[in-house]
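Okay, structure first, notes after.
FYI, it's all coordinate maths here, none of it is from the lab. This structure is a prediction, so every number in the text was calculated from the model and none was measured. As a convention, Cβ positions derive from the backbone with ideal geometry for all residues, glycine included, and neighbour counts pool all protein chains shown.
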Amino acid sequence: MAPPIQRHKVRDIEARMMRAGSGAPLLFLHSAGGFPVWTPFFDKLAAQYEVIIPEHPGFGDTAGPAWIRNIGDMAMYYLDFLDTLGVGKVHLVGHSLGGWTAAEVAIRNCGHLKDLTLIAPAGLRVKGVPSGDNFIWSAEESVRNMFHNQKIADAILAMPQSEEDMDRALANRFMAARMGWEPRWHDPALARWLHRVSVPTQIIWGANDKLFPSVYSEPWKQGIPGARVEIIPECGHAVTADKGDACAATILSFLAGR
């Protein structure tokens with residue numbers, strides 16, 4: 001069962017947030033798809049950790065102020081967020097846009113972090129290996145290309161959309177464009193600063209990712225000292241849904257080793 005929605009205020013932003021479980025805090029930063037649905041993936045994490053999931057500024061029902069103009073601003077917002085959260089150091093986990101944001105947080109300041117888990121993060125490019133472009137995919141392509149298991153895509157596409165759902169999706173798309181339109185889903189400066197990540201790091205990728213191919217894991221591994229990579233077979237970009245059990249087990253094994 002999903003936990004009740006809370007609010008957490010940082011400066012002029014009052015963000016929606018889910019919080020459940022007990023133990024050491026685990027902060028999960030969501031993808032450009034928006035504030036996630038609470039799934040068994042999160043239940044597995046919350047069985048051992050206090051899972052905290054904020055909604056990014058500008059997504060869904062959380063206001064996006066003009067001063068968050070790019071991914072660097074989003075990273076600085078999350079440093080302020082961690083300053084005010086009052087839980088000490090966190091296990092930081094981010095997926096896609098959230099993974100990129102988590103990495104940008106870590107290169108600026110690892111003081112709030114115990115470790116870092118990046119799940120198919122945006123942020124880097126591999127020369128000669130094009131990414132997918134979800135800004136030009138149709139609505140159906142955007143869903144289908146996220147999953148290796150097309151039964152999940154079928155179920156999502158069959159769900160009726162309320163006017164509220166469509167408004168949130170539009171807000172998500174607008175803010176995603178602000179973060180990732182130009183250059184497409186990467187920061188040309190990021191690779192040269194990855195050496196600043198000073199906490200244990202794991203990178204998780206789906207072998208069949210159509211948005212960011214799994215070979216994109218290589219520059220992350222090369223750039224972050226001591227980073228390890230886990231590739232999950234028969235899995236698309238939406239790793240936490242496509243292979244939620246395997247993803248949760250991979251994260252929990254990594255954290256247990258810390």
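Can you tell me which residue within the range 116-134, out of those that are in contact with a Phe, Trp or Tyr (Cβ under 7 Å, 6 or more places away or on another chain) and part of a loop (DSSP other than H, G, I, E, B), is farthest from G223 (Cα to Cα)?
Only one residue tops the list, namely S131.
Could you grab me the full set of residues in the range 44-68 that are part of a loop (DSSP other than H, G, I, E, B), under 18 Å from the mean Cα position of the chain (by Cα) and farther than 25 Å from D165 by Cβ? Lay out the reasoning, then the answer.
Filtering the range 44-68 for residues part of a loop (DSSP other than H, G, I, E, B) gives 47-49, 55-68.
If we keep only those that are under 18 Å from the mean Cα position of the chain (by Cα) as well, we get 49, 55-62, 64, 68.
The one that is part of a loop (DSSP other than H, G, I, E, B), under 18 Å from the mean Cα position of the chain (by Cα) and farther than 25 Å from D165 by Cβ: Y49.
For the condition surrounded by fewer than 15 Cβ atoms within 10 Å (Cβ to Cβ) and not in a strand (DSSP E or B), what is the one hit in R178, R184?
Values: R178 fails: surrounded by fewer than 15 Cβ atoms within 10 Å (Cβ to Cβ).
Checking each option against the conditions leaves just R184.
Hey, can you tell me all the residues within the range 215-228 that are without any contact (Cβ under 8 Å) to a residue 40 or more places away in the chain and surrounded by fewer than 18 Cβ atoms within 10 Å (Cβ to Cβ)?
Within the range 215-228, K221, Q222, P225, G226, R228 meet the criteria.
Only strands (runs of 3 or more DSSP E) wholly contained in the range 1-40 count here; list those with 2 or more residues that are more than 19 Å from A171 (Cβ to Cβ), in contact with a strand residue (DSSP E or B) (Cβ under 8 Å, 6 or more places away or on another chain) and touching a residue at least 60 places away in the same chain (Cβ under 8 Å). Steps first, please.
Working: elements: 6-10, 13-20, 25-29.
Answer list for the range 1-40: 25-29.
Select from the range 21-38 the residues that are out of contact with any Ser or Thr (no Cβ under 7 Å at 6 or more places or on another chain) and either crowded, with 23+ Cβ neighbours inside 10 Å or at negative phi (or both) and list them in ascending order. Steps first, answer last, please.
Start the filter on the range 21-38 by keeping residues that are out of contact with any Ser or Thr (no Cβ under 7 Å at 6 or more places or on another chain), which leaves 21-28, 30, 33-38.
Within the range 21-38, S22, A24, P25, L26, L27, F28, H30, G33, F35, P36, V37, W38 qualify.
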